[in-house]
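The structure appears right after this line, and notes come after that.
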Amino acid sequence: MDTLVVYYSIFGNNKGIATNIAQVNNYDIVEFNPGTIFRVFQFFVRKKRLAKKARKIDIKNYNNLIICGPIWAGKPAPAIIKLLENIGLQNKKIRCIFTYTQDYSETESQVTDLITKNGGIPNEIVFWNIKNESDH
Ligand SMILES: Cc1cc2nc3c(=O)[nH]c(=O)nc-3n(C[C@H](O)[C@H](O)[C@H](O)COP(=O)(O)O)c2cc1C
């Protein structure tokens, strides 16, 4: 029980993935929920508030974090970036699962750098094409 799943989801895909991982493995789970139905607008604004909310998530009892979120405009959604910058990654092993529909360009190296810069240990970064999932 030293793994926490944290997810950010607008359309429910990451919620589903995170819930499944948590249930199958008996991990704790928390939604990083910036708290408004117009959450997609956080693409443009409210970054300070996101940082503050990320700092409030209590991860001191966990050694491993699994972070699930969407790719927006070729990168992790701004909420995920703010989460990684502010949750307190020091000495935690980090797995990321990112959902996308078309492309995620240089995300893997950017996220690895971001995790390392914030003191975390990048474990695995997985990209999940949700479009293909619904095709078959
Ligand atoms: C503002 C916005 C930008 C997006 N940009 C991309 C993109 O650049 N590449 C891509 O593959 N998918 C992109 N998508 C699709 C999302 O990755 C997809 O909706 C998301 O993974 C679904 O996750 P959710 O259901 O947990 O919200 C974008 C979606 C939104 C809302």
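The values are calculated or read from the model by the stated rules, or taken from the named source; none is laboratory data. Quantities reported herein were computed from a predicted structural model and do not represent experimental measurements. Backbone-built Cβ (ideal geometry, glycine too); neighbour counts: all protein chains shown.
Here are VAL126, VAL111: which of them is within 23 Å of ASN20 (Cβ to Cβ), at pLDDT 95 or above, within 16 Å of the ligand (Cβ to nearest atom) and assigned to a helix (DSSP H, G or I)?
VAL111
Report, by residue number, each residue of the range 30-65 that is within 14 Å of the ligand (Cβ to nearest atom) and either loosely packed, with under 12 Cβ neighbours inside 10 Å or modelled with pLDDT of 85 or more (or both).
Passing the criteria: GLU31, PHE32, ILE37, PHE38, PHE41, PHE44, VAL45.
Give me the pairs: first residue in the range 7-26 and near the ligand (Cβ under 8 Å from one of its atoms), second residue in a loop (DSSP other than H, G, I, E, B), beta-carbon distance under 6 Å, and six or more apart or on different chains, which are they?
TYR8/PHE32; LYS15/SER9
Consider ARG95 carefully, then state whether it is among the charged types (D, E, K, R), surrounded by 14 or more Cβ atoms within 10 Å (Cβ to Cβ) and either in contact with a strand residue (DSSP E or B) (Cβ under 6 Å, 6 or more places away or on another chain) or at pLDDT 95 or above (or both).
Taking the combined requirement at face value, the residue satisfies it.
Take the residues in the range 1-16 that are more than 11 Å from the chain's Cα centre (by Cα) and not polar (S, T, N, Q); name whichever of them is nearest to ARG95 (Cα to Cα).
Within the range 1-16, the match that is nearest to ARG95 (Cα to Cα) is LEU4.
For the range 57-94, enumerate the residues that are basic (Lys, Arg) and farther than 18 Å from ASN129 by Cβ.
LYS60, LYS82, LYS92, LYS93
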